[in-house]
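Asker: Structure in structure tokens, see below.
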Amino acid sequence: MTKLFARFLKDESGATAIEYGLIAALISVALITGATALGNSISGTFDKLSTTMNDANK
């Protein structure tokens, strides 16, 4: 029983998997945030372009 407990304490494969999962989650949040900011910026640019074209057409 002591050997089993000692081997369990030395096993770090679960900790590594959790670390990789946390890194993947952090990267996902960063990508979503960047894509949202980029989308808002592009939307603003197209809104300005649409307004300019509508004003020029009058």
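The values are calculated or read from the model by the stated rules, or taken from the named source; none is laboratory data. Just so we're clear, the structure is a prediction, and the values are computed from it rather than from any experiment. Cβ placement follows ideal geometry from the backbone for every residue including glycine, while neighbour counts extend to all protein chains displayed. Heads up: the accessible areas ignore ligands, DNA and RNA and are worked out on the full protein's heavy atoms, side chains in. Shrake-Rupley method; radii C 1.70, N 1.55, O 1.52, S 1.80 Å.
Asker: Consider ASN57 against the criteria (1) open to solvent by 100 Å² or more (accessible area, probe 1.4 Å); (2) within 26 Å of the chain's Cα centre (by Cα): it satisfies all of them except one. Which criterion is unmet?
Answerer: Going through (1) open to solvent by 100 Å² or more (accessible area, probe 1.4 Å); (2) within 26 Å of the chain's Cα centre (by Cα) one by one, ASN57 breaks only (2).
Asker: Return a yes/no flag: does region 34-50 have any residue that is open to solvent by less than 100 Å² (accessible area, probe 1.4 Å), more than 28 Å from the chain's Cα centre (by Cα) and polar (S, T, N, Q).
Answerer: yes
To keep it simple, each residue is scored yes or no on (1) modelled with pLDDT of 95 or more; (2) in a helix (DSSP H, G or I); (3) of a type in the set (Ser, Thr, Tyr); (4) touching a Phe, Trp or Tyr at 6+ places or on another chain (Cβ under 8 Å).
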{"position": "LYS3", "(1), (2), (3), (4)": "no, yes, no, no"}
{"position": "ALA6", "(1), (2), (3), (4)": "no, yes, no, no"}
{"position": "ALA15", "(1), (2), (3), (4)": "no, yes, no, no"}
{"position": "SER28", "(1), (2), (3), (4)": "yes, yes, yes, no"}
{"position": "GLY34", "(1), (2), (3), (4)": "yes, yes, no, no"}
{"position": "ASP55", "(1), (2), (3), (4)": "no, yes, no, no"}
